[in-house]
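Asker: The following block contains the structure, expressed as structure tokens.
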Amino acid sequence: MQGFDNAIAFITGGASGAGFGQAQVFGRAGARIVVADIRADAVEKAVGQLKDEGIAAHGIALDIMDRAAYARAADEVEAVFGAPPTLLFNTAGVNSFGPVENTSYDDFDWIIGVNLGGVINGMVTFVPRMIAAGKGGHIVTTSSLGGLMGSALAAPYSAAKAAVVNLMESYRLGLEKHGIGVSVLCPANIRSNIAEASRLRPAQFGQSGYVENEDSIASLHSIHQHGMDPVELAEHVKAGIEANQLYIIPYPEAKEGLRAHYDRIVDSVLPLEADPEGARLRTEALQTWAAGRARVFMEKKDA
């Protein structure tokens with residue numbers, strides 16, 4: 001996607017941190033911004049700041065786990081700007097840290113519900129509308145470096161973010177024919193307030209197996225205060241969209257660790273000579289199935 005003038009950008013978590021950085025960068029590039037965030041007061045403040053810069057902006061208080069509210073938000077965007085987004089940023093996220101063996105059901109339900117369920121809600125809500133509008137566009141979903149490998153202290157978060165990477169790879173394959181690009185952003189620490197995410201934890205997910213108090217929040221702040229500036233990160237996102245990158249990972253310190261991690265995975269695959277005939281038969285079966293399913297899908301579309 002080249003050029004953002006008059007694009008409509010819907011940004012979850014848009015009132016602060018990475019999301020607000022995206023609002024600033026793409027608003028300054030000419031996009032009309034929808035700030036969606038669970039904190040109504042923060043939405044109002046963020047929209048005011050954007051408007052002070054001369055950026056066209058609209059705010060929506062939104063719990064991304066609430067599908068009915070998401071549908072209403074989509075309707076509101078079209079009512080305000082006359083069309084669905086051409087830029088969708090699934091940026092909102094939460095985290096909580098603790099030993100994987102102490103993780104409770106509520107920890108899993110909340111962290112995966114926001115970080116994966118919220119993304120699913122955004123995609124299912126907006127993708128059909130974007131396709132129907134026929135204007136193309138681009139989707140950027142924020143995963144994490146934590147989504148590219150496991151973590152003994154952030155297991156639900158890493159699991160959700162890993163699923164997000166895989167999901168965006170799938171949407172990338174499916175949406176290309178509609179002129180909609182898909183990218184997945186995998187940041188390390190960002191200068192943001194995600195350290196305070198536990199303060200927003202709904203009461204129905206209150207039984208945590210982790211220690212969450214002022215000391216734990218302060219400890220997390222010590223990491224994020226030295227993170228990448230949100231505007232700088234959003235500039236990398238903008239460049240990634242312009243280059244139609246699938247993966248956006250602007251953290252050079254991560255390269256060698258990722259290389260070693262994925263080398264271990266690739267090295268665990270048996271060489272072809274270990275089972276050449278079985279490999280041939282399995283490959284041919286998959287190719288035959290895929291071709292057949294493609295015909296079925298096309299027939300259903302034409303029916």
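The values are calculated or read from the model by the stated rules, or taken from the named source; none is laboratory data. None of these values were measured; they are calculated from a predicted model. Methodologically, a virtual Cβ is constructed for each residue, glycine included, from the backbone with ideal geometry; neighbour enumeration extends over all protein chains shown.
Asker: Kindly indicate which of Ser151, Ser143, Ser158 is among the polar types (S, T, N, Q) and closer than 26 Å to Ile60 by Cα. Write out each step before concluding.
Answerer: Values: Ser151 fails: closer than 26 Å to Ile60 by Cα; Ser158 fails: closer than 26 Å to Ile60 by Cα.
Just one listed residue meets the conditions, Ser143.
Asker: Filter region 1-55 for residues that are within 17 Å of the chain's Cα centre (by Cα) and among the polar types (S, T, N, Q); which is farthest from Asp229 (Cα to Cα)?
Answerer: Thr12
Asker: Sticking with this structure for a sec: Which pairs have Cβ atoms under 7 Å, sit 6 or more apart or on different chains, and link a residue in region 2-18 that is under 17 Å from Gly137 (Cβ atoms) to one that is surrounded by fewer than 21 Cβ atoms within 10 Å (Cβ to Cβ) and modelled with pLDDT of 95 or more?
Answerer: Gln2/Glu242; Phe4/Ala29; Phe4/Gly30; Asp5/Gly30; Asn6/Gly30; Ile8/Phe81; Ile8/Ala83
Asker: Among the residues of region 211-232, count how many are at pLDDT 85 or above, in contact with a helix residue (DSSP H, G or I) (Cβ under 6 Å, 6 or more places away or on another chain) and either closer than 18 Å to Pro156 by Cα or buried (at least 18 other Cβ atoms within 10 Å of the Cβ) (or both).
Answerer: 1
Asker: Of all residues in region 70-99, how many are under 17 Å from Gly27 (Cα atoms) and assigned to a helix (DSSP H, G or I)?
Answerer: 3
Asker: Is region 100-122 home to any residue that is outside any helix (DSSP H, G or I) and modelled with pLDDT of 95 or more?
Answerer: Looking through region 100-122, at least one residue is outside any helix (DSSP H, G or I) and modelled with pLDDT of 95 or more.
Asker: Would you tally the residues in region 201-210 being surrounded by 13 or more Cβ atoms within 10 Å (Cβ to Cβ) and either at pLDDT below 90 or in contact with a Leu (Cβ under 8 Å, 6 or more places away or on another chain) (or both)?
Answerer: 3
Asker: Taking the criterion of being under 30 Å from Arg191 (Cβ atoms), modelled with pLDDT of 95 or more and loosely packed, with under 10 Cβ neighbours inside 10 Å, would at least one residue in region 270-280 satisfy it? Step through it out loud before you land on a result.
Answerer: First, the residues of region 270-280 that are under 30 Å from Arg191 (Cβ atoms): none.
No, because not a single residue in region 270-280 is under 30 Å from Arg191 (Cβ atoms), modelled with pLDDT of 95 or more and loosely packed, with under 10 Cβ neighbours inside 10 Å.
Asker: Let me ask you something else. Looking at Gly14, Gly48, Gly19, Gly59, which one is in a helix (DSSP H, G or I), at pLDDT 95 or above, closer than 26 Å to Trp110 by Cα and not polar (S, T, N, Q)? Full working, then the answer.
Answerer: Values: Gly14 fails: in a helix (DSSP H, G or I); Gly48 fails: closer than 26 Å to Trp110 by Cα; Gly59 fails: in a helix (DSSP H, G or I).
Going through Gly14, Gly48, Gly19, Gly59 in turn, the sole match is Gly19.
Asker: Taking the residues in region 105-151 that are buried (at least 21 other Cβ atoms within 10 Å of the Cβ) and free of Cβ contacts under 8 Å to residues at least 40 places away in the same chain as candidates, determine which candidate is farthest from the chain's Cα centre (by Cα).
Answerer: Ranking the qualifying residues of region 105-151, first place goes to Gly146.
Asker: Within region 43-64, track down each residue that is surrounded by fewer than 17 Cβ atoms within 10 Å (Cβ to Cβ) and more than 13 Å from Gly14 (Cα to Cα).
Answerer: Selection gives Lys51, Asp52, Glu53, Gly54, Ala56.
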